[in-house]
Amino acid sequence: MTERLAPGSVIGILGGGQLGRMLSVAASRLGLRTHIFEPGPNPPAGHVADRVTTASYDDGDALAAFAAAVDVITFEFENVPSGALDALESTAPIRPNRESLRISQDRITEKDFLVRLELDVAPYAAVDDEATMSEALKRIGTPAILKTRRFGYDGKGQTTLGEPQQAAAALDTVNRAPSVLEGFVEFSAEISVIAARSASGNVVCFDPGENVHRNGILRTTSVPARITSEVREQALQIAEIILIGLDYIGVLGVELFVTPGGLVVNEIAPRVHNSGHWTQDGCVVDQFEQHIRAIAGWPLGDGRRHADVVMENLIGDDMDRVWSLAADPSVALHLYGKSEVKPGRKMAHVNRRIGHSER
Ligand code: AMP
């Protein structure tokens, strides 16, 4: 790959959901084209991308043709099968790097990595069966959260234990999959930092957002977060340490708990992140463009926040509100083009500008 991809170059994106869609829109504003690789039919990203390959992640011929047709490969989800990456990497560069993906695919590898960087995480222990669960409970106590090591998202694959007697039921809830038991963190707020690192090592962090989850699913992100300037600085520093530790190129999301004892890292996501959607209407250059710039070898843009914003996810039946939201002048709508509304399905989000005086 040349150091800087010229306009007209093609970004390959693994995954065709809303993140791939918004990455494609951002790429097109920069004169770059996108090619989506997605096994499912009619992916939201396919409506706005230049090309779509519909094939499974174990289709070697399709992967080879895809890699040959693009200049750089990125992904919009962290569970990309490693076999697919093996088939792609000799033909086109993968950004962010595979090591970042490997580390964040497994909650234990991720926590071990964060501990190596001397960052604070909740107490944790690997759980594979009743015996390791009982050991983990002795060390960590309750309340605690049992989470599957892999493939968890939006609160799926996790359950809270109020007392040790719930061990067997908790193991059943996660289908006895390899898991991690985490001590319950008493936090005053959840925040996240969306941070970008360019191919030349320059780092730009967006302002931390304050997140509210319901049933494990992100509902809102508000900026500015209600945190002190010291906590804000610490959060940005943590994000930078992680980016450098991973030798990362692209945008990364870092979720943090604010506690009286300092910031505790909950998890990292090696991709653009739902809690960074506010940047679309709160910054000159949003997280999607920042990611495209980074992986294309371009300089990073201006990520400073110019507005106070509350991002709200529209999930399932929230779509019933779409016409009243469309009539609200303080709201920017971002619909994902999904044809079927399902409970728990992220359909759209809105960014509401707060305290913005009409002129
Ligand atoms: P996760 O899938 O790890 O992002 O967890 C989803 C949500 O569950 C988080 O955003 C928190 O609200 C809550 N949560 C996860 N881990 C913990 C923990 N160790 N202590 C307290 N709450 C947690």
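The values are calculated or read from the model by the stated rules, or taken from the named source; none is laboratory data. Keep in mind it's a predicted model, so treat the numbers as computed, not measured. No Cβ is skipped: glycine too gets one built from the backbone with ideal geometry, and neighbour counts run over all protein chains shown.
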| task | Determine which member of the set Arg139, Arg176 is within 26 Å of Phe77 (Cα to Cα) and of a type in the set (Lys, Arg). | result | Arg176
| message | So, restricting to strands (runs of 3 or more DSSP E) that lie completely within the range 155-227, which ones have at least 2 residues that are away from the ligand (no atom under 14 Å from the Cβ)? | response | 189-197, 203-205, 217-223
| What about Arg150, is it assigned to a loop (DSSP other than H, G, I, E, B), away from the ligand (no atom under 16 Å from the Cβ) and out of contact with any Pro (no Cβ under 6 Å at 6 or more places or on another chain)? | no
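Conditions tested, residue by residue: (1) at pLDDT below 95; (2) crowded, with 18+ Cβ neighbours inside 10 Å; (3) of a type outside the set (Gly, Ala, Ser).
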residue	(1), (2), (3)
Phe187	no, no, yes
Phe206	no, yes, yes
Ile217	yes, no, yes
Arg232	no, no, yes
| task | Could you figure out which of (1) touching a residue at least 40 places away in the same chain (Cβ under 8 Å); (2) at positive phi isn't true of Ala67? | result | (2)
| task | Name every residue in the range 1-42 that is in contact with a Leu (Cβ under 9 Å, 6 or more places away or on another chain) and at pLDDT below 95, in order of residue number. | result | none
| request: Look through the range 118-141, keep the residues that are more than 12 Å from the ligand (Cβ to nearest atom) and among the hydroxyl-bearing types (Ser, Thr, Tyr), and return whichever of them is surrounded by the fewest Cβ atoms within 10 Å (Cβ to Cβ). | output: Ser134
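What number of residues in the range 253-284 are assigned to a strand (DSSP E or B), within 13 Å of the ligand (Cβ to nearest atom) and either at pLDDT below 95 or in contact with a helix residue (DSSP H, G or I) (Cβ under 8 Å, 6 or more places away or on another chain) (or both)?
Keep residues of the range 253-284 that are assigned to a strand (DSSP E or B), which gives 253-259, 262-269, 283.
Narrowing further to those that are within 13 Å of the ligand (Cβ to nearest atom): 253-259, 264-269.
Among the residues that remain, those that are also either at pLDDT below 95 or in contact with a helix residue (DSSP H, G or I) (Cβ under 8 Å, 6 or more places away or on another chain) (or both) are: 253-256, 258, 265, 267-269.
Selection size over the range 253-284: 9.
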| query | Out of (1) touching a residue at least 60 places away in the same chain (Cβ under 8 Å); (2) within 16 Å of the ligand (Cβ to nearest atom), what's the single condition that is false for Pro96? | reply | (2)
| query | If a residue has to be under 15 Å from the mean Cα position of the chain (by Cα) and charged (D, E, K, R) to count, how many in the range 67-125 make the cut? | reply | 7
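Before we move on, is Gly297 within 21 Å of Lys342 (Cβ to Cβ) and either of a type outside the set (A, V, I, L, M, F, W, C) or under 15 Å from the mean Cα position of the chain (by Cα) (or both)?
Values: within 21 Å of Lys342 (Cβ to Cβ): no; either of a type outside the set (A, V, I, L, M, F, W, C) or under 15 Å from the mean Cα position of the chain (by Cα) (or both): yes.
It is false that Gly297 is within 21 Å of Lys342 (Cβ to Cβ) and either of a type outside the set (A, V, I, L, M, F, W, C) or under 15 Å from the mean Cα position of the chain (by Cα) (or both).
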